[in-house]
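First up is the structure itself, then whatever we jot down about it.
The values are calculated or read from the model by the stated rules, or taken from the named source; none is laboratory data. Every value quoted in this text rests on a predicted model; they were computed, and no experiment measured them. So basically every Cβ, Gly included, is an ideal-geometry build from the backbone, and we count neighbours across all protein chains shown.
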Amino acid sequence: DKLLNLEDLRVENIPYNSVVDFLGYRVEHGYKSSASKAYPVAVARWMAIATGSSGLCGHTHHFGTYSWTDAKGTHSYIENGCLCRLDLEYAPFPNWQQAFTYGVVKNNKVHLVPVMIYEDGFMTNGEWYPRR
């Protein structure tokens, strides 16, 4: 925390296995991964079923969403992708996707917007952001 100067930046460091509940939406690192590239598990779906909640995790560095509707309403779980480099020596040609998610609160409900980052940039909220 001190090395990153988080206190001065007013950033709260959340311990690794923590779950943050924000208006009923679970935000966590996650713990499920797929053992096979050939037959991958839909981790967003798996986490939704395992937790019984809408949520977001980033454990796998994959990007995916799962949505469902039940008696309580419509829900979603997002596998958030990553913001790391993809040209690592120890992981040639990783099956990872660069992405991020931001949220807007309206009517006391979290509305999340997942954004995939492509080789040339990304688009969100009607605006194009090219890579530099």
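Considering THR65, THR51, the condition of being modelled with pLDDT of 90 or more and touching a Pro at 6+ places or on another chain (Cβ under 7 Å) is satisfied by THR65 alone.
The set of residues from region 94-132 being assigned to a loop (DSSP other than H, G, I, E, B) and closer than 20 Å to ILE78 by Cα comprises PRO94, ASN95, TRP96, GLN97, ASN108, ILE117, ASN125.
Based on this model, can you work out whether HIS59 counts as within 23 Å of TYR16 (Cα to Cα) and of a type outside the set (Lys, Arg)? Step through it out loud before you land on a result.
Details: within 23 Å of TYR16 (Cα to Cα): yes; of a type outside the set (Lys, Arg): yes.
Yes, satisfied.
The residue that is nearest to LEU86 (Cα to Cα), counting only those in region 44-66 that are in contact with an Asp or Glu (Cβ under 7 Å, 6 or more places away or on another chain) and among the hydrophobic types (A, V, I, L, M, F, W, C), is PHE63. Among residues of region 1-20 being surrounded by 11 or more Cβ atoms within 10 Å (Cβ to Cβ) and more than 18 Å from ILE49 (Cβ to Cβ), the one that is nearest to the chain's Cα centre (by Cα) is VAL20. Is one or more of the residues making up region 113-122 of a type in the set (Gly, Ala, Ser), touching a strand residue (DSSP E or B) at 6+ places or on another chain (Cβ under 6 Å), closer than 15 Å to ARG26 by Cα and surrounded by fewer than 17 Cβ atoms within 10 Å (Cβ to Cβ)? There is no residue in region 113-122 that is of a type in the set (Gly, Ala, Ser), touching a strand residue (DSSP E or B) at 6+ places or on another chain (Cβ under 6 Å), closer than 15 Å to ARG26 by Cα and surrounded by fewer than 17 Cβ atoms within 10 Å (Cβ to Cβ). Residues in region 1-45 that are modelled with pLDDT of 85 or more and among the basic types (Lys, Arg) were compared, and the one that is nearest to LYS106 (Cα to Cα) is ARG26.
Okay, residues lined up against (1) more than 24 Å from ARG132 (Cβ to Cβ); (2) out of contact with any Ser or Thr (no Cβ under 6 Å at 6 or more places or on another chain); (3) in contact (Cβ under 8 Å) with a residue 12 or more places away in the chain; (4) among the small types (Gly, Ala, Ser):
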{"site": "ASN17", "(1), (2), (3), (4)": "yes, yes, yes, no"}
{"site": "MET47", "(1), (2), (3), (4)": "yes, yes, yes, no"}
{"site": "THR60", "(1), (2), (3), (4)": "yes, no, yes, no"}
{"site": "PHE93", "(1), (2), (3), (4)": "no, yes, no, no"}
{"site": "GLN98", "(1), (2), (3), (4)": "no, yes, yes, no"}
{"site": "VAL104", "(1), (2), (3), (4)": "yes, yes, no, no"}
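Take GLY64 and tell me if it is crowded, with 16+ Cβ neighbours inside 10 Å and in contact (Cβ under 8 Å) with a residue 24 or more places away in the chain. The answer is no for GLY64.
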